[in-house]
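Taken together, the values in this text are just the output of simple stated rules run on the coordinates, not laboratory data. The structure displayed is predicted, hence computed values, not measured ones. Here the Cβ positions follow ideal geometry from the backbone for every residue, glycine too, while neighbour counts run over all protein chains shown.
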Amino acid sequence: MRIGTVVGNVWATRKEDGLTGLKFLFVQLEDTKGVPVDVPLIAADRIGAGIGDTVMVTLGSAARFVISEKDVPIDAVVIGIVDSIDVESR
Amino acid sequence: MRIGTVVGNVWATRKEDGLTGLKFLFVQLEDTKGVPVDVPLIAADRIGAGIGDTVMVTLGSAARFVISEKDVPIDAVVIGIVDSIDVESR
Amino acid sequence: MRIGTVVGNVWATRKEDGLTGLKFLFVQLEDTKGVPVDVPLIAADRIGAGIGDTVMVTLGSAARFVISEKDVPIDAVVIGIVDSIDVESR
Amino acid sequence: MRIGTVVGNVWATRKEDGLTGLKFLFVQLEDTKGVPVDVPLIAADRIGAGIGDTVMVTLGSAARFVISEKDVPIDAVVIGIVDSIDVESR
Amino acid sequence: MRIGTVVGNVWATRKEDGLTGLKFLFVQLEDTKGVPVDVPLIAADRIGAGIGDTVMVTLGSAARFVISEKDVPIDAVVIGIVDSIDVESR
């Protein structure tokens, strides 16, 4: 999983079936110090994350497993809102 | 998911079974400001996206889930045509 | 999917079961102008692509879906021989 | 699989169902000489790895297979605590 | 698939169930001229590859398909020992 910050929303009226009702957030992935890494990606969210929240994001096929039908064509999902991280400086 | 712009088409007469009738688009992935990221990739499309449209693209195994048979050998698909994005400057 | 050109062959006598009879090609992925991107990868081929052909390659788990048994340990496959591409300059 | 060192922990109270009770570690992937590669990622751990341990990490869909239900939305997991590595200088 | 050279071994006594008895090799991925690409990764091996062998490696979910149970948490496997490659200079 990766850590990042919710930075925006995306809206699409015309879309594949099965995506209706899902919320899509732009998430800026970061290193453990909060420095942005790569460009923002779009993650589905079901747990109510909002702009500014630090979140854990799961990528790839595992993202589908938060949706009970599992047939939804998504490749990234917010799985947790981070309370705190604790990383040892090296 | 990633955001990008449809920039072209690709045609292949000789291809694997199961791909007949699918439309293939070149999509240039972008950051949230529309700046191109990486080289264009080829995504299947079933929702009627055209050149110039801003689209959401799902990558990896989830791409197959827009096709009812699910056995189609594709790894990228357009899942939505984007109406608007709203990204907080940081 | 990605676009590329077939640039070579690879032979391996000692290999995992289930791979016997599959043809393995080196494919140089390219951008839409034919400029090489990354190093060549090895893709299975069942449609008869040869050196110099421009091909579409599917990566990841979807590659297995061209093989009826689906249990073959391959992660890249040629899915089409490209007739033409049409990409808008930006 | 990749090799890395456990460098921290992450806590998230609000999270997807099915993640309760799983431990999440930050792992800094490394080359075979211990030089950091990319930014730390978050891996689930069930075998009791702790800060400073050198670990093997499995990425992608295979990560789910350490959980008996397999429906857990994780994409990285610690699969072993490394005793020793032996790499030939080239 | 990717090509590379076996450069080492990794040992882990404490590991996830199902990995017992599997051999883990460090493989340095290479381009078609043998120049190293990225850092070495760890691949499972069942066909008896040894240090110095040129091998084909399958990445991702397909790696599990060399193991009959398919539930083993591995994401890379040696699928062949390469006899020869033949790549056209461009």
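So what are the radius of gyration and Dmax for the Cα set of the protein assembly as shown, in Å?
Here Rg and the maximum Cα pair distance are 21.1, 56 Å.
Quick one: of B:Lys33/D:Lys15; D:Lys70/E:Lys15; A:Lys23/C:Lys33; B:Lys70/C:Lys33; A:Lys33/D:Lys15, which pairs are farther than 27 Å apart, Cα to Cα?
Check vs 27 Å cut-off fails for B:Lys33/D:Lys15; A:Lys23/C:Lys33; B:Lys70/C:Lys33.
Consider the operator that turns chain D into chain A: which D residue has a Cβ nearest its axis, and what is that gap in Å?
Output: D:Ser61, 4.
Work out from phi, with θ = phi - 60° and the Karplus expression 6.51 cos²θ - 1.76 cosθ + 1.60, the ³J(HN,Hα) of each residue of the stretch E:38-49, listed in order in whole Hz, and give x for Gly and Pro.
6, 8, x, 10, 9, 10, 6, 9, 10, 9, x, 5
Mind pulling the per residue volume of the convex hull built on the Cα atoms of chain B? Å³ is fine.
103
What are the ³J(HN,Hα) couplings of the stretch B:69-84, residue after residue, when phi is run through the Karplus curve with 6.51, -1.76, 1.60 and θ = phi - 60°? Round to Hz, x for glycine and proline.
6, 6, 9, 7, x, 10, 10, 7, 8, 6, 10, x, 9, 7, 7, 7
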